[in-house]
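Only the coordinates and a few stated rules stand behind these numbers; no lab work does. Quick caveat: nothing in here was measured; it's all calculated off a predicted structure. FYI the Cβ positions are ideal-geometry reconstructions off the backbone, even for glycines, and counts take in every protein chain you see.
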Amino acid sequence: MANITRYDPFGDLVDDIFRGFVVGPAGFEAAAPVRRMKVDVAEQNGEYKVVAELPGVKKEDIKVNIDGDQVSITAESRAEREEKDGERVLHSERIFGTVSRAFRLNQEIDEARASARYADGVLELTLPKKATAAAKQLTIQ
């Protein structure tokens with residue numbers, strides 16, 4: 001189903017203030033931030049263009065599924081952090097794990113002609129619309 005959220009330009013700022021952007025006292029645990037995949041969808045020349053931001057994700061860890069008019073994108077980023085002896089992390093905003101989005105479009109997608117490209121943390125999908133069969137009037141015999 002559609003997983004659409006309204007863009008709030010001040011959301012992250014307010015979240016940082018209330019979740020303890022400044023390092024708090026010992027033992028202070030801020031709530032884990034919610035990871036969001038930002039997606040733009042446009043329609044042009046008989047196809048849909050989808051652009052999704054997936055920073056820090058490897059191409060091999062992205063899955064795109066098309067089922068009729070439904071598109072789902074799933075990506076996994078893995079922690080590749082080296083722990084140094086004697087190091088103590090005071091604050092970390094980098095999130096690792098799985099993120100996904102699914103949404104429906106107004107028309108079915110032609111899976112055979114669909115294409116995907118991933119570069120610099122941005123996934124671009126070109127999703128041509130499936131040709132609809134013209135209505136046919138039957139002759140009554």
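R0 = 30 Å: FRET efficiency of Ser115 with Arg36, Cβ-based, nearest 0.05?
0.75
Hey, fewest Cβ within 10 Å first, where do Glu43, Glu76 land in order?
Working: Glu43 13, Glu76 16.
Going from least to most buried by this count: Glu43, Glu76.
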